[in-house]
Amino acid sequence: FDLLVMLGVAGQSQRMRFELTARNCVGATPDVRGVILGPGPIDPAAPPQFSLSPSQAMLASEHWESSFDAGEYLCNYIYFRANQW
């Protein structure tokens, strides 16, 4: 892939968020079937997190805010796995 766009929902956010960090952890939140996979690592062999270096143009926008927490559920999991490719 040349580009991967992932969109998530943050209902309480006032602006769109640009996630800068994906953590190697699964939280204790149950999935839609009620299954709880955490707390624990997504991949025990992987590093504890992946961090991106955003461009200054992206951070300067009034429409975006930087975020270092993609949560402990699906958004973080998908973001972490996408960074492993």
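Looking at the stretch 11-30 only, could you name the residues that are open to solvent by less than 40 Å² (accessible area, probe 1.4 Å) and either among the charged types (D, E, K, R) or in a loop (DSSP other than H, G, I, E, B) (or both)?
SER13, LEU20, ASN24, CYS25, GLY27
Cβ-Cβ distance below 9 Å, separation of 6 or more or different chains: which pairs start in the stretch 1-30 with a residue that is at pLDDT 85 or above and end on one that is exposed (fewer than 10 other Cβ atoms within 10 Å of the Cβ)?
LEU20/SER53; ARG23/PRO48; ASN24/PRO44; ASN24/PRO48; CYS25/PRO48
In the stretch 31-62, what residues are loosely packed, with under 10 Cβ neighbours inside 10 Å and modelled with pLDDT under 90?
Those that are loosely packed, with under 10 Cβ neighbours inside 10 Å and modelled with pLDDT under 90: VAL32, SER53, SER55, GLN56, ALA57, ALA60, GLU62.
Return only the number of the condition from (1) within 16 Å of the chain's Cα centre (by Cα); (2) modelled with pLDDT of 85 or more; (3) over 19 Å from ASN83 (Cβ atoms) that GLU65 does not satisfy.
Of everything listed in (1) within 16 Å of the chain's Cα centre (by Cα); (2) modelled with pLDDT of 85 or more; (3) over 19 Å from ASN83 (Cβ atoms), GLU65 misses just condition (2).
The values are calculated or read from the model by the stated rules, or taken from the named source; none is laboratory data. These numbers were taken from a predicted model, which means no experiment stands behind them. With ideal geometry, Cβ positions are generated from the backbone for all residues, glycine too; neighbour counts draw on all protein chains shown. Note: accessible area is taken over every heavy atom of the protein model, side chains too, but ligands, DNA and RNA are not part of it. Shrake-Rupley method; radii C 1.70, N 1.55, O 1.52, S 1.80 Å.
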